[in-house]
1. Being under 21 Å from P197 (Cα atoms), open to solvent by less than 70 Å² (accessible area, probe 1.4 Å), in a loop (DSSP other than H, G, I, E, B) and not hydrophobic (A, V, I, L, M, F, W, C) is the filter here, so list the residues in segment 109-137 that pass it.
2. Provide a single number: the residues in segment 138-185 that are surrounded by 22 or more Cβ atoms within 10 Å (Cβ to Cβ), touching a Gly at 6+ places or on another chain (Cβ under 8 Å) and under 24 Å from E94 (Cβ atoms).
3. Collect the residues in segment 1-24 that are part of a strand (DSSP E or B) and open to solvent by less than 20 Å² (accessible area, probe 1.4 Å), keeping them in residue-number order.
4. Could you list, in sequence order, the residues of segment 47-67 that are farther than 26 Å from F211 by Cα and either hydroxyl-bearing (S, T, Y) or assigned to a helix (DSSP H, G or I) (or both)?
Amino acid sequence: MACVVVVDLGMGNLRSVERAITRAAEDRGLASEVVRSGRPEDVLGADKIVVPGQGAFRDCAAALAGELGEALREAVRRGTPYLGICLGLQALFETSEEAPGAAGLAVFRGAVRRLDPGAGADVVKIPHIGWNRLDMKRAPEGALAAWGSEAPHVYFVHSYHAVPEDPSIVVATVTHGPNVVTAAVARDNVTAVQFHPEKSQGAGLALLGAFVAA
């Protein structure tokens, strides 16, 4: 039985993520244990790690500044499958405009930038809230291959997005006004999405189920 640890950074509605993972696993007939924890030893003992988050980057960085952050880096180095959701994607990068001086996990080079509301007739609301269809930039891998050739509509709630130094890690984007938003990244055992699978209905459950099954 796979142990999936939902990492508790002290922010966001983790219960909805736990329920969605459990349902996705059950839909596929998978035996899994979903555990919510902020303990470094649980992260290091996990078969798979999910890092969700809704909130401020500075609070996230503070939660990751000690042993928990080191445990996550070590788990990634070991090859433990990692799925980041929303702030769990942004935390993989080095810095964020939202919190100058606060450090992310630096698994990927790059920074998190504030979305541009645009000007004139092109003005859009920030935060970006609602459904948007993914634009696949390369062949999806791992859990992101769950949708096959179909680019699904998924649900976003965010004001910032990651801008990787290495564009090859970007699997999907969406457009919001003048912004080309990094919607999904992947490299080796690390997959992360800016949207919320737990709020994205069938497309989200397909992604979560594929992650547990992989």
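1. Correct list: P127 only.
2. 2
3. V4, V5, V6, V7
4. Once the filter is applied, which keeps residues that are farther than 26 Å from F211 by Cα and either hydroxyl-bearing (S, T, Y) or assigned to a helix (DSSP H, G or I) (or both), segment 47-67 yields R58, D59, A62.
Conditions tested, residue by residue: (1) out of contact with any strand residue (DSSP E or B) (no Cβ under 8 Å at 6 or more places or on another chain); (2) of a type outside the set (A, V, I, L, M).
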{"position": "T80", "(1), (2)": "no, yes"}
{"position": "G88", "(1), (2)": "no, yes"}
{"position": "R109", "(1), (2)": "no, yes"}
{"position": "V112", "(1), (2)": "no, no"}
{"position": "G120", "(1), (2)": "yes, yes"}
{"position": "H128", "(1), (2)": "no, yes"}
{"position": "R133", "(1), (2)": "no, yes"}
{"position": "K137", "(1), (2)": "no, yes"}
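The values are calculated or read from the model by the stated rules, or taken from the named source; none is laboratory data. What you see is a predicted model; the values in this text were computed from it and never measured. Positions of Cβ are generated from backbone atoms using ideal geometry, with glycine treated the same way; all protein chains shown enter the neighbour counts. For the accessible areas, the whole protein counts, side chains as well, though only heavy atoms, and no ligand, DNA or RNA atoms are used. Shrake-Rupley method; radii C 1.70, N 1.55, O 1.52, S 1.80 Å.
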